[in-house]
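Only one structure is covered here, and it is reproduced in the block below.
The values are calculated or read from the model by the stated rules, or taken from the named source; none is laboratory data. Note that the coordinates shown come from a computational prediction; the quantities given were computed from them, not determined experimentally. FYI the Cβ positions are ideal-geometry reconstructions off the backbone, even for glycines, and counts take in every protein chain you see. Ligands, DNA and RNA are excluded from the accessible area calculation, which covers all protein heavy atoms including side chains. Shrake-Rupley method; radii C 1.70, N 1.55, O 1.52, S 1.80 Å.
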Amino acid sequence: MIRKYTFGTPFPTGAVVQSLEAAAGEVPFFETGREGEKVIFRRTMTPEEMIFGLGENVRGMNKRGHLYRAWNTDMFNHSENQPSLYASHNFLIFFRPGQVFGVYFDDPGLVTFDLGESHGTEAVITSENGNLDVYLLEGHSARAIAREFRQLTGGSYTPPRWAFGYIQSRWGYAGEEAVRAVVENHRQRHIPLDGVCLDIDYMVDYKNFSWKPEFFPDWKAFNGEMKERHIRLIPIIDAGIKQEEGYAPYDSGKARDVFCKKEDGSDFIASVWPGMCAFPDFLNPEAREWFGDLYQPLLEEGIEGFWNDMNEPALFFTEDSLREGFAKAEYQRQHLDDYEGMWALGNVFSGMANNPADYRRFYHQTPQGKICHDQVHNIYGAGMTHATAEGIRRYQPDRRYLLFSRSSFIGAHRDGGVWQGDNFSWWSHIKMAMQMMPGLNMSGFLFSGCDLGGFGMDTTEDLLARFLQLGVFTPLMRNHSALHTRDQEIYRFDSWEGMRDTVTVRYALLPYLYSEFMKAALRDEMYFRPLAFDYPQDGRACRVEDQLMLGEDCMIAPVYEPNAVGRYVYLPEDMLMIRFRSGQDYDLEPLEKSDHYIALGLHEFPLFVKKGRFALLCGGGECTEELDDTRLTALGWVEGPAQYELYRDDGVSVNPQLEEGLTTLQLQGEAGKYVWQIDR
Ligand code: MIG
């Protein structure tokens, strides 16, 4: 059951698709208070209570004990103290024996979630602006509530099947020669590959929708050449539009008057990669239409995927913030004794990017009227995703597209996926990436993954190997790294063959993982879940922070520590362990419900399949088009009859229908046998 409570005058965020009448009375399970404009929700928690959700954020799956702030931020330092990353996903499930409920704070502005940081037994959630809808969701289980939430907010985006292939990316690929070499190196070594991302390097002066002629003299021909090799180019698009007369997107944006405005009605201009930029007003439908149209030339040339960046929006500085900085510097010059002012001055300049004052300096022209950006900050990135998705759907209404964004808000899960942003080449970030997945899934973002190998800092061979082993199971499997960091493509490393073999596991599992993903998306389920969602009665399982349930029947337990030769795994029920070395090479071991130490060499990693169920491998291939799923190998600990509903489709048509895609595969199990061949 879902109930809605309204406070103040909420701005429509686009998150919710069901229209509900606002209920009278207080939000159950909370005490509501007011302080000026703020609305504050307090809840006293029992010691055993857990909190799941908040989507893209640091720390554990159980979010209790920390303070988070919904405020989309270009935060490249994902240390465990960070209160905000790039997205706001204000949906939580409170979970304790005998009581589970979900709550969603539909508020586009700043919301603070003090989940037991100030007081261990108290959750205090504060809406700064006090204009919001609160949705209270009740159901018999966390899974049911997560499903209910998807019904409230709409079904998840489904990418084309090729998007489940391995994607290589790097900030710094200088032109088609570099990209060709990357592809060549994968193909020669038989490292499967389906796509290469183009980072901002491909543009002229980082201007969206431009191609640097010295890097890509004939990008259309090059794109064609890549497609023949079954490689999709996936260009990046940033939010800012360079303020430059004669640059077509700027001129047309000016002509249609679609940029965010300052108080005085002039365009708001801030620095980002291209230099001084105007910012499309993604809250204005006309601006979205104009922006979506800019993708048309790329679509016409057969580009099928995009990643949208810098859409929090990230701002390096504005003339206003710079002027204020200089005024403070001038004050300092005249007050040499004020050493505290000197420290403050340092902070003014180092904190100039993305500063709150700049977000108060501009306005949106929305169907609801003019509104200051800081009131609606968290839906800007979702607006960009929506503009892109609408544009693509206008020009190719019958094909699915790949789209993943850095910033997001609930609602954008209907239009695209997200990647987890700028992680580091740190061991702790493998675990963090895994822990973020179920929260994202709860909020509808099923298509996601992290920068495998780590974005910032230099990766190491063993770290990349272990990152990839997690990536085998994440819907987006992309290796990405920052400019000036160590080269991070698989073939750069001595043990590249081991990592290639890891990628072959992805391709062998791909029809199965695709099936699990599509079933989850079309049934409003989560693809990844905390064990707590599946085994709420098992106190041990509820506290597991480093394993995930995957799809209907599986569990993963990645290695995330250096020099590890194995790890402990808790099995909440009997399962078959598949210890993978490659898509063709693995060993199988039935393991009983309990704790197990699993030996795992550097290029070995496990998948666990519930007893009585089975997973499927195909013969593999070097790109998704090559996969042959007519002969499948079933792996399971099955002693009687068992069946699996395999979802298949053409991988590109829009509005995929579950019933049309399902085929039932059956097998007759027997004790001691774990492998079957199935001709579909
Ligand atoms: O300020 O385009 O998160 O993936 O490589 C950095 C350059 C801008 C941030 C993205 C990252 C991308 C980088 N971008």
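Some notes on this structure:
- Of all residues in region 413-436 being part of a helix (DSSP H, G or I) and within 16 Å of the ligand (Cβ to nearest atom), the one that is nearest to ILE93 (Cα to Cα): MET436
- For LEU336, the stated conditions do not hold, so it cannot be described as of a type in the set (A, V, I, L, M, F, W, C), within 16 Å of the ligand (Cβ to nearest atom) and not in a strand (DSSP E or B).
- When the strands (runs of 3 or more DSSP E) confined to region 2-68 are screened for residues that are farther than 15 Å from TYR135 by Cα and open to solvent by 10 Å² or more (accessible area, probe 1.4 Å), those reaching at least 3 such residues are found at 31-35, 38-44.
- Within region 176-279, helices (runs of 4 or more DSSP H) holding 3 or more residues that are more than 16 Å from the ligand (Cβ to nearest atom) and open to solvent by less than 20 Å² (accessible area, probe 1.4 Å): 219-228, 248-256
- Tally, over region 626-644, of residues that are in contact with a Lys or Arg (Cβ under 7 Å, 6 or more places away or on another chain) and either closer than 22 Å to SER156 by Cα or hydrophobic (A, V, I, L, M, F, W, C) (or both): 3
- Some residue of region 384-400 being assigned to a strand (DSSP E or B) and within 16 Å of the ligand (Cβ to nearest atom): no
- Any hit, region 483-500, residues being outside the structural domain of GLU626 (by TED's automatic domain parsing), touching a residue at least 24 places away in the same chain (Cβ under 8 Å), under 30 Å from ASP649 (Cβ atoms) and among the basic types (Lys, Arg): yes
Every residue, every condition in (1) of a type in the set (Val, Ile, Thr); (2) over 27 Å from the mean Cα position of the chain (by Cα); (3) outside the structural domain of GLU552 (by TED's automatic domain parsing); (4) within 21 Å of ASP553 (Cβ to Cβ), yes or no:
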position: MET577; (1), (2), (3), (4): no, yes, no, yes
position: PHE580; (1), (2), (3), (4): no, no, no, yes
position: THR624; (1), (2), (3), (4): yes, no, no, no
position: ARG631; (1), (2), (3), (4): no, yes, no, yes
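- Complete set of residues in region 572-585 that are crowded, with 21+ Cβ neighbours inside 10 Å and touching a Ser or Thr at 6+ places or on another chain (Cβ under 7 Å): GLY583
- Members of region 165-174 that are within 16 Å of the ligand (Cβ to nearest atom) and surrounded by 14 or more Cβ atoms within 10 Å (Cβ to Cβ): ILE167, GLN168, SER169, ARG170, TRP171, GLY172, TYR173
- Hits in region 357-368 - residues which are of a type in the set (Ser, Thr, Tyr) and open to solvent by 20 Å² or more (accessible area, probe 1.4 Å): TYR363
- Among the residues of region 359-383, those identified as polar (S, T, N, Q) and part of a strand (DSSP E or B) are GLN365, THR366.
- Qualifying residue in region 662-676 (condition: hydroxyl-bearing (Ser, Thr, Tyr), over 17 Å from PRO590 (Cα atoms) and touching a Gly at 6+ places or on another chain (Cβ under 9 Å)): no
- Those residues of region 602-624 which are among the hydrophobic types (A, V, I, L, M, F, W, C) and crowded, with 22+ Cβ neighbours inside 10 Å, in sequence order: PHE605, LEU607, PHE608, VAL609, PHE614, ALA615, LEU616, LEU617
- Selected residue [within 16 Å of the ligand (Cβ to nearest atom) and open to solvent by 10 Å² or more (accessible area, probe 1.4 Å)] from ASN347, ASN308, ASN284, ASN354: ASN354
- Flag for ALA599 being open to solvent by 20 Å² or more (accessible area, probe 1.4 Å) and either within 25 Å of PHE467 (Cβ to Cβ) or of a type in the set (Ser, Thr, Tyr) (or both): yes
- Filtered residues of region 147-163 (kept if in a loop (DSSP other than H, G, I, E, B) and of a type in the set (Ser, Thr, Tyr)): SER156, TYR157, THR158
- Count - residues of region 311-333 that are open to solvent by less than 30 Å² (accessible area, probe 1.4 Å), within 16 Å of ASP358 (Cα to Cα) and away from the ligand (no atom under 16 Å from the Cβ): 3
- When residues of region 437-463 are limited to those that are closer than 20 Å to ASN72 by Cα and within 15 Å of the ligand (Cβ to nearest atom), the one most open to solvent (accessible area, probe 1.4 Å): PHE455
- Selection of first residues in region 593-612 that are not assigned by TED's automatic domain parsing to the domain that holds LEU550 and of second residues that are open to solvent by 10 Å² or more (accessible area, probe 1.4 Å) and assigned to a strand (DSSP E or B), restricted to Cβ pairs under 9 Å at least 6 apart or on distinct chains, gives an empty result.
- Any hit, region 259-271, residues being at pLDDT 95 or above and closer than 28 Å to ALA178 by Cβ: yes
- Test: LEU336 is open to solvent by 10 Å² or more (accessible area, probe 1.4 Å) and in contact with a Pro (Cβ under 8 Å, 6 or more places away or on another chain): no
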